[in-house]
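> After the structure tokens below, expect a handful of questions from me.
The values are calculated or read from the model by the stated rules, or taken from the named source; none is laboratory data. Given the structure is predicted, the values throughout are model-derived calculations rather than measurements. Cβ atoms come from the backbone with ideal geometry, glycine included; neighbour counts cover every protein chain shown.
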Amino acid sequence: MTPTKISLSKPGELSLKWADGSETMIPLKTLRDNCPCASCQGETVLLRTYKPMEQPELPGKYVLKGAQQVGNYALQVYWGDGHQTGIYTWDKLRSLSASALE
Ligand SMILES: [Zn+2]
């Protein structure tokens, strides 16, 4: 299922409306802390998991600068600190919903 509308419903929270009428709200902090890219989550290469280096926190880390749909399966998110390698699949976004974490 793909979202029909993606917006910032209120400051600091991303809102996705789905084709079935349901809605997923994701706090931006949760979104960023779960960035799926290799430099945030580490990489598993030849059965060894390489943890990412601890990065200093830059201003704008939790500021959403923009987002762009990738194909029809995911959303690429642009952050205020210049980070933009995170590509969130729709399933991933649904799993980050505030209600799913409660
Ligand atoms: Zn990342």
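> Quick check: anything in the range 57-75 within 16 Å of the ligand (Cβ to nearest atom), without any contact (Cβ under 8 Å) to a residue 12 or more places away in the chain and touching a Lys or Arg at 6+ places or on another chain (Cβ under 6 Å)?
No: the range 57-75 contains no residue that is within 16 Å of the ligand (Cβ to nearest atom), without any contact (Cβ under 8 Å) to a residue 12 or more places away in the chain and touching a Lys or Arg at 6+ places or on another chain (Cβ under 6 Å).
> Test residue 29 against the stated conditions and say whether it is within 15 Å of the ligand (Cβ to nearest atom) and in contact with a Gly (Cβ under 8 Å, 6 or more places away or on another chain).
Numbers: within 15 Å of the ligand (Cβ to nearest atom): yes; in contact with a Gly (Cβ under 8 Å, 6 or more places away or on another chain): yes.
Yes: the conditions hold for residue 29.
> Taking the range 1-60 as the region of interest, how many residues are modelled with pLDDT under 85 and β-branched (Val, Ile, Thr)?
Within the range 1-60, residues that are modelled with pLDDT under 85 and β-branched (Val, Ile, Thr) number 3.
> Under 8 Å by Cβ, and 6 or more places apart or on different chains, what pairs join a residue from the range 34-50 that is farther than 16 Å from residue 93 by Cβ and in a strand (DSSP E or B) with one that is among the small types (Gly, Ala, Ser) and within 14 Å of the ligand (Cβ to nearest atom)?
Correct list of pairs: 49/42; 50/42.
> State the number of residues belonging to the range 3-21 that are within 21 Å of residue 71 (Cα to Cα), under 16 Å from the mean Cα position of the chain (by Cα) and surrounded by 13 or more Cβ atoms within 10 Å (Cβ to Cβ).
6
> If you don't mind, there's one more thing I want to ask. Can you pull out the residues in the range 51-95 that are part of a loop (DSSP other than H, G, I, E, B), closer than 16 Å to residue 28 by Cβ and touching a strand residue (DSSP E or B) at 6+ places or on another chain (Cβ under 8 Å)? Explain how you work it out, then say what you get.
Looking only at the range 51-95, we keep the residues that are part of a loop (DSSP other than H, G, I, E, B), and these are 51-63, 71-73, 80-86.
From what is left, the residues that are closer than 16 Å to residue 28 by Cβ are 57-63, 80-84, 86.
Answer for the range 51-95, where residues must be part of a loop (DSSP other than H, G, I, E, B), closer than 16 Å to residue 28 by Cβ and touching a strand residue (DSSP E or B) at 6+ places or on another chain (Cβ under 8 Å): 60, 61, 62, 63, 80, 84, 86.
> Could you say whether any residue in the range 5-12 is touching a residue at least 40 places away in the same chain (Cβ under 8 Å), in contact with an Asp or Glu (Cβ under 9 Å, 6 or more places away or on another chain) and closer than 21 Å to residue 73 by Cβ?
no
> If you take the residues of the range 32-56 that are basic (Lys, Arg) and loosely packed, with under 10 Cβ neighbours inside 10 Å, which of them is nearest to the ligand (Cβ to nearest atom)?
Among those that are basic (Lys, Arg) and loosely packed, with under 10 Cβ neighbours inside 10 Å, it is 51.
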